[in-house]
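Encoded as structure tokens, the structure appears first; notes follow it.
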């Protein structure tokens with residue numbers, strides 16, 4: 001199963017319908033492409049204990065026919081994810097772990113994560129602290145149980161909202177090591193469309209998480225990226241700090257990258273009725 005099919009599996013669920021237009025917008029392809037992909041995915045699901053239900057005017061949803069067979073197949077796909085896409089940097093590892101945890105209701109053992117990612121328990125602990133912060137900003141929580149491991153808990157709605165948000169950001173920001181030139185309008189419009197479709201409003205900590213994610217995607221030392229909130233009346237200022245050697249990566253030639261970052265955050269904030277600005281502090 002290719003990456004597009006896996007993205008569809010992550011966005012579909014067995015409770016609520018999702019339209020082809022919503023799927024196309026969240027993945028970043030045309031409606032025609034989505035319908036063709038769904039047809040192929042339906043054939044594969046039927047071989048692995050699930051069906052793709054469609055309802056005119058409502059969209060698509062999963063119907064699990066054989067739970068054990070489907071879970072075994074999905075676990076196998078996760079193993080392929082482990083083997084084919086091992087992350088290297090801290091930001092890649094955090095994104096990878098977050099995606100893995102959001103995709104399962106089961107506990108994941110820390111020793112297994114260390115072994116498969118080739119990192120120490122201390123390194124994994126640092127990654128997990130960052131994941132906890134991201135989850136908390138989206139009304140989710142990371143719980144741990146001795147002998148079992150860790151897992152994400154919270155509503156299915158919040159899980160899928162977070163997956164959609166990060167999927168869009170990742171597709172926009174990972175294409176290059178810099179913010180792409182035409183970032184402003186497409187990114188703001190796509191992110192806002194998902195928020196509007198799901199009747200969401202961003203809280204102050206979500207703006208902070210957005211800025212953290214953008215900055216960490218750009219720098220060489222993502223663990224040294226911090227954001228401090230400063231309230232000034234009805235306006236919120238986010239002070240961004242990075243490692244000295246990474247300043248150029250968040251400012252860019254003639255300040256172009258810094259301008260793009262400020263525009264993304266400010267425009268997104270304005271769409272949700274908030275006043276938010278970004279200061280890059282050296």
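The values are calculated or read from the model by the stated rules, or taken from the named source; none is laboratory data. All values derive from a computational prediction rather than experimental measurement. As a convention, Cβ positions derive from the backbone with ideal geometry for all residues, glycine included, and neighbour counts pool all protein chains shown.
Report yes if some residue within segment 68-76 is surrounded by fewer than 16 Cβ atoms within 10 Å (Cβ to Cβ) and at pLDDT 80 or above; otherwise report no. Looking through segment 68-76, at least one residue is surrounded by fewer than 16 Cβ atoms within 10 Å (Cβ to Cβ) and at pLDDT 80 or above. For segment 84-105, the criterion of being outside the structural domain of residue 224 (by TED's automatic domain parsing), assigned to a loop (DSSP other than H, G, I, E, B) and at pLDDT 90 or above is met by no residue.
So that you can scan it fast, the table gives a plain yes or no per residue for (1) out of contact with any strand residue (DSSP E or B) (no Cβ under 8 Å at 6 or more places or on another chain); (2) modelled with pLDDT of 70 or more; (3) surrounded by 13 or more Cβ atoms within 10 Å (Cβ to Cβ):
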| position | (1), (2), (3) |
| --- | --- |
| 1 | yes, no, yes |
| 5 | yes, yes, yes |
| 12 | no, yes, yes |
| 19 | no, yes, yes |
| 23 | no, yes, yes |
| 30 | yes, yes, no |
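Sub-9 Å Cβ pairs linking a first residue in segment 224-248 that is farther than 12 Å from residue 281 by Cβ and assigned by TED's automatic domain parsing to the domain that holds residue 129 to a second residue that is at pLDDT below 90 and buried (at least 17 other Cβ atoms within 10 Å of the Cβ), at least 6 apart or interchain, number zero. So which of 162, 124, 142 ends up being at pLDDT 90 or above, assigned to a helix (DSSP H, G or I) and either touching a helix residue (DSSP H, G or I) at 6+ places or on another chain (Cβ under 9 Å) or over 25 Å from residue 221 (Cβ atoms) (or both)? Just a single option satisfies the conditions, and that option is 124.
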